[in-house]
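Encoded as structure tokens, the structure appears first; notes follow it.
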Amino acid sequence: MTEDQEFIPTPLAADLKGFFSPSLEGKEAVQKFSDFLKALTLGAVDVGAWSIGHVKAVVEAGEGFVSMSSTTEDGNVRIKGELASVENWTMTVNVIVFGPDADDLEAMLMDKVEKILPGSEVSVYHAEGCEDPDCFDPFCRRPEHVHEDGCDCDRC
Amino acid sequence: MHFVLVSGLLGVGKTTVILNMMDALYESKGHRIMVIENDFGNKGIDGEVMRKYGMDVQELKGGCICCTLKTGLIDTVRVVQANMDPDIIIVEPTGIADPSIIIDAVQDCSGIEIDKLSTIIVVDAERFAKTWKMFERPLRNQLKVADIVLVNKIDTVSEEDLDGIKERIKTFGFNGPVEAVQADKGVNMGKLLELF
């Protein structure tokens, strides 16, 4: 990883679970999921992303799945795979962008879910961060990077 | 064992390159291949997608293999080599990884036998004009260790833009092969197979 702090992205990961009633035709469902991913990308820009690393999702419904990816600020979505008629579905989404505050990013995600995929169950995974001032890994879990109050190590 | 690192900034299409490459390698050469996937997030999507396409994938999640998960990578390579003995291990680090740190780690490590090491750097044609300015130093670090550079998503740029990208890559000091590809359609991916 680069040592430049400005290159440290803000990550957001979430699982979504929902259903369409009545069920949607595959193409219609894929369009809805694609609209959601596009909205996430545009929303990330709205909350301060100066660069999109990637906004990715994989959706499973019945026997089918689609993977989707958006990497440009215009929210263009590349789609791979297809779905048949969709009733129940699950989605894993991974947003990695440069610039926004993590809380703003999460609030944006919840807003887009409410608007585009209302009624979905959402589980957000948080980066726990690290107490070591020289470590830039937002998912760091190295025990030696945990510093107690009053620690007399060189870094604290 | 051939150790192949497929590196590049976030969103350049590393996973798509690997998926396409693995199909070709398996079909044309019958190699046994294992992928080690390092998603920069608690939820690994790339690994899940690869598994759905029938790939053998080991995932290292929740950190970056060039720093906090370096030990995890080495352990994983050791275990994979000992238990599965693949012909090729393909490692996809996160888009923020410094590939030179990964290369040093596996080369210096006892218990890992590497016959050949190849580094493929993928860049995104669509975003290159913007990203090389924003991420010049990480990009230079990646190019320093590249054996081949793939300029991906060529369907999104003109010939003129593509020439500009290749020229810029040269100005960064990379004088090896630069291939223009569209990985999701398998366009021009054949050159990559010469590495194997």
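Can you say whether A:Lys56 is among the basic types (Lys, Arg), in contact (Cβ under 8 Å) with a residue 24 or more places away in the chain, assigned to a helix (DSSP H, G or I) and touching a strand residue (DSSP E or B) at 6+ places or on another chain (Cβ under 7 Å), as far as the supplied structure shows? No; evaluated as a whole, the condition is false for this residue.
Output the residues belonging to segment A:60-72 that are over 13 Å from the mean Cα position of the chain (by Cα) and either closer than 17 Å to A:Ala13 by Cα or outside any strand (DSSP E or B) (or both). Across segment A:60-72, the qualifying residues are A:Glu60, A:Gly62, A:Glu63, A:Ser67, A:Thr72.
Condition check ((1) touching a helix residue (DSSP H, G or I) at 6+ places or on another chain (Cβ under 7 Å); (2) at pLDDT 95 or above; (3) within 12 Å of chain B (Cβ to nearest Cβ)) across all residues:
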position: A:Phe98; (1), (2), (3): no, no, yes
position: A:Asp101; (1), (2), (3): no, no, no
position: A:Leu109; (1), (2), (3): yes, yes, no
position: A:Val122; (1), (2), (3): yes, yes, no
position: A:Pro133; (1), (2), (3): no, no, no
position: A:Glu144; (1), (2), (3): no, no, yes
position: A:Arg155; (1), (2), (3): no, no, no
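Apart from one condition, A:Gly53 fits all of (1) more than 13 Å from the chain's Cα centre (by Cα); (2) facing chain B (nearest Cβ under 9 Å); the exception is (1). Which residue is farthest from the chain's Cα centre (by Cα), if the candidates are limited to segment A:73-92 and must be under 15 Å from A:Val124 (Cα atoms) and at pLDDT 95 or above? Looking at the filtered set, the residue picked out is A:Thr90.
Scanning segment B:142-171 for residues that are facing chain A (nearest Cβ under 10 Å) and surrounded by fewer than 19 Cβ atoms within 10 Å (Cβ to Cβ) gives a single hit, B:Thr156. Within segment B:15-44, the only residue that satisfies the criterion of being at pLDDT 80 or above, under 16 Å from the mean Cα position of the chain (by Cα) and part of a loop (DSSP other than H, G, I, E, B) is B:Asn38.
Do you know which residues across segment A:65-78 are more than 13 Å from A:Gly26 (Cα to Cα) and more than 8 Å from every other protein chain (Cβ to nearest Cβ)? Full working, then the answer.
First pass over segment A:65-78, keeping only residues more than 13 Å from A:Gly26 (Cα to Cα): A:67-78.
Within segment A:65-78, A:Met68, A:Ser70, A:Glu73, A:Asp74, A:Gly75, A:Asn76, A:Val77 meet the criteria.
When A:Gly62, A:Gly43, A:Gly26 are checked against the criterion of being modelled with pLDDT under 90, more than 13 Å from chain B (Cβ to nearest Cβ) and farther than 20 Å from B:Ala129 by Cα, a single residue qualifies: A:Gly62.
Within segment A:12-31, is even one residue free of Cβ contacts under 8 Å to residues at least 12 places away in the same chain, surrounded by fewer than 24 Cβ atoms within 10 Å (Cβ to Cβ) and in a loop (DSSP other than H, G, I, E, B)? No: zero hits.
The values are calculated or read from the model by the stated rules, or taken from the named source; none is laboratory data. Model, not experiment: these values are computed from the prediction. Reconstructed Cβ throughout: ideal geometry from the backbone, glycine too, with neighbour counts over all protein chains shown.
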